[in-house]
Amino acid sequence: MKSRIVLFIIAMLVWLILSWSLDWQHLLVGSLASLLVAFLTGDLFTANPYKFAHPHRYLWLMLYIPVLMWEMVKANIDLAYRILHPRLPIRPGIIKVKTKLKSESGLTFLANSITLKPGMTSVDVDQENGYIYVHCVNIKDTDPARATEIIIKRLENILERVFD
Amino acid sequence: MSETIGMIFIVIGIGFDFFGCIGLIRLPDLYLRLMATAKCVTLGTCSLMFGIFLINGFTAVGIKALLCAVFLLLTSPVSAHALSRAAHKSGVKLCDESVCDEYEKDKN
């Protein structure tokens with residue numbers, strides 16, 4: 001039930017931003033649609049709704065967004081350089097990195113962020129052992145521990161504070 | 001002033017979209033091509049959307065463009081991940097330059 005209420009509030013907020021007017025017709029349709037969504041998919045949304053009540057999580061998320069943006073800009077310049085270089089300087093392959101995140105939403109965010117980072121795509125997640133398989137365009141080190149250090153350390157430390 | 005900055009963002013976005021398309025043609029195998037499209041095109045399109053937001057400001061159009069960028073950031077990596085995992089499960093090989101494949105090793 002708590003999870004449905006949280007989902008209703010978030011859906012209503014997205015609707016308000018999307019319609020960008022406080023007309024009563026918009027509000028009525030929006031609340032009906034949000035109620036329907038919350039009723040149908042509320043139990044899928046989050047396992048622990050109390051996490052939404054901690055303000056320090058939002059602060060860390062605010063810090064996470066500019067860090068991720070900076071990584072993305074670096075990713076794109078690096079990849080554009082490799083694509084435009086006449087000899088294609090790539091060393092592709094799939095490596096695995098170890099993560100200490102446990103919650104599902106944290107792992108989802110981490111895997112998504114890896115896909116947005118310099119030349120990497122997350123291929124699969126092994127939740128039991130905490131491994132993420134990453135396809136990487138320019139491998140610097142095939143050893144899991146050192147690859148972890150290079151690839152995800154910074155993002156992981158912030159995400160741990162947001163989600164766990 | 002904000003119109004000029006918005007135009008600059010739109011030009012940068014079109015540039016990254018263009019690099020993504022070149023990468024789609026030049027790179028050798030499926031995973032690398034996915035990478036080029038997922039990354040360059042995501043940042044390129046987000047930059048375009050941000051430029052539209054700067055030009056229109058806090059109006060209905062500008063806010064919708066910003067929200068589009070957020071949805072794109074959330075969904076584009078998911079589709080790239082799903083496609084690469086499905087391709088690996090169904091046996092698409094990595095290209096010949098590849099250095100290692102831990103996923104293949106751990107599957108057996």
For B:Asp106, indicate whether it is among the acidic types (Asp, Glu), over 25 Å from A:Arg82 (Cβ atoms) and open to solvent by 40 Å² or more (accessible area, probe 1.4 Å). yes
Do we have B:Leu94 as in contact with a Lys or Arg (Cβ under 7 Å, 6 or more places away or on another chain), crowded, with 16+ Cβ neighbours inside 10 Å and farther than 25 Å from A:Ser105 by Cα here? no
Looking only at the range B:27-43, how many residues end up being closer than 24 Å to B:Leu66 by Cα and either open to solvent by less than 20 Å² (accessible area, probe 1.4 Å) or at the interface with chain A (Cβ under 9 Å from one of its Cβ atoms) (or both)? 7
Residues of the range A:15-46 being under 20 Å from B:Ala65 (Cβ atoms), open to solvent by 50 Å² or more (accessible area, probe 1.4 Å) and either assigned to a helix (DSSP H, G or I) or touching a Leu at 6+ places or on another chain (Cβ under 9 Å) (or both), which ones? A:Trp15, A:Leu16, A:Ile17, A:Leu18, A:His26
Can you go through A:Leu110, A:Leu88 and tell me which one is at positive phi and in the same structural domain as A:Lys153 (by TED's automatic domain parsing)? A:Leu88
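Okay, residues lined up against (1) at the interface with another protein chain (Cβ under 8 Å from one of its Cβ atoms); (2) of a type outside the set (Lys, Arg); (3) open to solvent by less than 50 Å² (accessible area, probe 1.4 Å):
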{"site": "B:Met1", "(1), (2), (3)": "no, yes, no"}
{"site": "B:Ile25", "(1), (2), (3)": "no, yes, no"}
{"site": "B:Thr45", "(1), (2), (3)": "no, yes, yes"}
{"site": "B:Thr59", "(1), (2), (3)": "yes, yes, no"}
{"site": "B:Leu66", "(1), (2), (3)": "no, yes, no"}
{"site": "B:Ser84", "(1), (2), (3)": "yes, yes, yes"}
Please return the ranges of helices (runs of 4 or more DSSP H) entirely within the range A:65-164 where 1 or more residues are closer than 22 Å to B:Lys105 by Cα. A:104-116, A:144-151
When residues of the range A:91-117 are filtered for being facing chain B (nearest Cβ under 9 Å), open to solvent by 70 Å² or more (accessible area, probe 1.4 Å) and closer than 17 Å to B:Arg85 by Cβ, how many remain? 1
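The values are calculated or read from the model by the stated rules, or taken from the named source; none is laboratory data. Keep in mind that this is a model prediction, so the values were computed, not measured. Note that we place each Cβ from the backbone using ideal geometry, even for glycine, and neighbour counts take in every protein chain shown. Surface areas here come from the heavy atoms of the whole protein model, side chains and all, with no ligands, DNA or RNA. Shrake-Rupley method; radii C 1.70, N 1.55, O 1.52, S 1.80 Å.
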